Amino acid sequence: MKKIIVVFFALLIMSTYGCGPKRLYHYGSYSNTLYDYRKDSNHENLMKHIKEMESIVVESNEQGMRIPPGLYGEMGYMYLKAKNTGKALEYFNRERNLYPESIILMDRMIKSTKEDS
């Protein structure tokens, strides 16, 4: 009888193990670095936030997860603030290609960036 109870609970645990929510996106410490940048918008915090977003991309790819919507667009904007228009255009185009619903906004950002440079 004891064996049956142990086997029953083991099967119960194994069957519910895969029922937890699966994450679609990886965000890393995005909220923390964004908060730090918004609190004190200096170059150091800007670069920390950019570095965190780059690590989110790497870790998402390693874990087979999708890149969060808007991340490439924000990276482009942050690179624009850091005066790196080449990287900004690259990430605007990545956002545009990955999320077609962003085409209108990304096209405007690309056009504006090209006009300003």
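Quick note: the coordinates plus some simple rules give every number you see, no bench work behind them. For clarity, every value in this text was computed on a predicted model and none was experimentally measured.
How high is the relative contact order of the range 25-116, in percent, counting Cα pairs under 8 Å that sit 6 or more residues apart?
On the way: 88 pairs, mean separation 20.6, N = 92.
That works out to 22 percent.
Taking 30 Å as the straight-line reach from the Cα of Lys51, the lysines in range (excluding those fewer than 8 positions away in the same chain) are Lys22, Lys39, Lys81, Lys83, Lys87, Lys111, Lys114.
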